[in-house]
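Chemist: Here it is, the structure in full.
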Amino acid sequence: MNRITVATIFGLAAAVPAGAAGVYLSKPADTAPCFAAPTGAFRITDKAADYTVRVEAADADPSLRLQLVDDPAVADFVLVDDDAPACPSGVPLKSVRVDPAATAPDLTVALSREPAAKKIYVKSARFSDQQAAALFAVTSGARAVTARALIR
C-alpha cells in the first residue's frame, strides 16, 4: 500500500468513532431525577405515567393529607438532595406525573402547612414540594393507590 492509502485508512478509522461520539453526545439526556425507594425507583415525568397524582392545598377528600414542615426531625418523609442520582439498575422503574388538573388521578394529596398526620420536609434543587408529596404518596403506598385505582 502506498502512503496515501494508509493515511486515508487511518483518517477514516479516527473519523468514524469521533462522528459516532458526536451523535451520542448530542442526544438530549433524560434529566429527570430518580428517586430510589425500597419498593423500586421512581421518576417524575410530564408524560403518561404509571401513577398520576393531583396535589393541591385543599382537597375535600384526599387520599393523603400532608403537612409541609421546616424541621426534618419531625418529618415522616425527608427529601434533601445535592445532585440527581442515576436510577439503580435491576429495580423496577415507575413513572409519576403530578397533574393539578387531573380528573381521575390515582392519588390525591392535600399539601399545606396546616397540621396533618403525616409531615414532609423538602429541601431539593431537583424536586418541587408537590413532586416530593407525590413521591411520598406513591412510595408509602398511600394505601389508597390504592383502593381508588382498584375500584375503578
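Chemist: Which residues, counting only those in the stretch 65-90, are closer than 24 Å to Arg43 by Cβ, of a type outside the set (Asp, Glu) and surrounded by fewer than 15 Cβ atoms within 10 Å (Cβ to Cβ)?
Modeler: Matches in the stretch 65-90: Val80, Pro85, Ala86, Pro88, Ser89, Gly90.
Chemist: Please go through (1) of a type in the set (A, V, I, L, M); (2) at pLDDT below 95; (3) in contact with a helix residue (DSSP H, G or I) (Cβ under 6 Å, 6 or more places away or on another chain) for Val98 and return the number of the only condition it doesn't satisfy.
Modeler: (2)
Chemist: Continuing with this model, one more query. Exactly one condition in (1) at pLDDT 95 or above; (2) in contact with a helix residue (DSSP H, G or I) (Cβ under 9 Å, 6 or more places away or on another chain); (3) more than 14 Å from Pro33 (Cα to Cα) is false for Asp70; which is it?
Modeler: (2)
Chemist: Shifting gears a bit: Thr139 - would you say it is under 11 Å from Tyr51 (Cβ atoms) and either acidic (Asp, Glu) or at pLDDT below 95 (or both)?
Modeler: Here the answer is yes, as Thr139 does meet what is asked.
Chemist: Every residue in the stretch 30-64 that is modelled with pLDDT of 85 or more, surrounded by 16 or more Cβ atoms within 10 Å (Cβ to Cβ) and either among the aromatic types (Phe, Trp, Tyr) or closer than 19 Å to Lys119 by Cα (or both), please.
Modeler: Phe35, Phe42, Tyr51, Val53, Arg54, Val55, Pro62, Ser63, Leu64
Chemist: I would also like to ask the following. Being closer than 12 Å to Asp76 by Cβ, surrounded by 15 or more Cβ atoms within 10 Å (Cβ to Cβ) and not charged (D, E, K, R) is the filter here; which residues of the stretch 92-121 pass it?
Modeler: Within the stretch 92-121, Ala116, Ile120, Tyr121 meet the criteria.
The values are calculated or read from the model by the stated rules, or taken from the named source; none is laboratory data. Owing to the predicted nature of the structure, the values given are computational and were not obtained by experimental measurement. Heads up, the Cβs are rebuilt from the backbone with ideal geometry, glycines too, and the neighbour counts pull from every protein chain shown.
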